[in-house]
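Everything on this sheet refers to the single structure shown next.
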Amino acid sequence: MAKKENIPNLLTLIRILLIPVFLLLTSLTSSVTWHIIAAIIFAVASLTDYLDGYLARKWKVVTNFGKFADPLADKMLVMSAFIILVGLNLAPAWISAIIVCRELTGLRLLLVETGGEVLAAAMPGKIKTATQMFSIILLLCHFEFVGTILLYIALFFTLYSGYDYFKGAGFL
């Protein structure tokens, strides 16, 4: 059995390992049933994002690996999903490109390397993540009307949270 302090990191690794499973399920077939199964896999992976952070803080077992791998796993999961959604014609390429570019900025990680202070995830960033993940799940389940509305909300919070991080870092 895993030690308590290793469980959050294990959840992060599980999220990373679920990405290829998710990609295979969405790439090998155009079946709505398989897309729904992929949405479930994505939802489970998304839940590990919440759970690993919650457990690490609750048990006070925050590690350097977790600080690095957790946001990286999140970005890999979300960017993979948005690329897949474009390929399935479930999301416009321009929205996905903006979201992927914003995810690539990795501003909080950049601040560590430049000697700046690491910014905790602010509410706009949390809303960004939640709306992105829910829009992905809804679009994969082919609830396109609601999923698309949520996608535009996610786009707004993607842009706003990017602005908020630059402002908080003193760049604006």
So what is the relative contact order for the chain, in percent, with contacts set as C-alpha pairs under 8 Å and at least six apart?
24
Based only on Cα atoms, what mean projected area does the convex hull of region 23-81 have, in nm²?
4.1
What helices does the chain have that are whole DSSP H segments, at least 24 Å long along their own axis by Cα, and with mean Kyte-Doolittle hydropathy of -0.5 or more?
7-27, 32-58, 64-87, 123-140, 144-168
Cα-based Rg / Dmax (Å) for the chain:
16.2, 48
Rounded to the nearest 10 Å², what accessible area does K167 have for a 1.4 Å probe in the complete protein model?
110
Name the most mobile residue of L28, L139, L88, meaning the one with the largest mean-square fluctuation, in a Gaussian network model of the chain with Cα contacts below 10 Å.
L28
Solvent-accessible area of C101, probe 1.4 Å, all protein chains present, reported in Å² to the nearest ten, please.
80
Considering only R102, R15, R57, give the residue with the highest GNM mean-square fluctuation for the chain, with springs between Cα atoms whenever their separation is below 10 Å.
R57
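Heavy atoms only, 1.4 Å probe, whole protein assembly: order L51, L17 by accessible area, highest first.
These residues rank, largest area first, as L17, L51.
Looking at this model, which pairs from K3/K126; K75/K128; K67/K128; K60/K167 are more than 22 angstrom apart at the alpha-carbon?
Too far apart for the 22 Å limit: K3/K126; K60/K167.
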What nm value, rounded to one decimal, do you get for the distance between Y160 and K126 when each label is placed 7 Å out toward the C-beta?
1.5
Taking only Cα atoms and a 10 Å spring cutoff, compute GNM fluctuations for the chain and point out the largest among M133, M123, M76.
M123
Under the rule of -39500 (n - 2.57) per DSSP H run of 4 or more residues, summed and divided by the residues of the chain, what mean residue ellipticity at 222 nm is obtained, to the nearest 500 deg cm²/dmol?
-27000 deg cm²/dmol
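The values are calculated or read from the model by the stated rules, or taken from the named source; none is laboratory data. Computed from a prediction, not measured in an experiment: that's the story for all the values here. Virtual Cβ from ideal backbone geometry, glycine too; neighbours counted across all protein chains shown. Note: accessible area is taken over every heavy atom of the protein model, side chains too, but ligands, DNA and RNA are not part of it. Shrake-Rupley method; radii C 1.70, N 1.55, O 1.52, S 1.80 Å.
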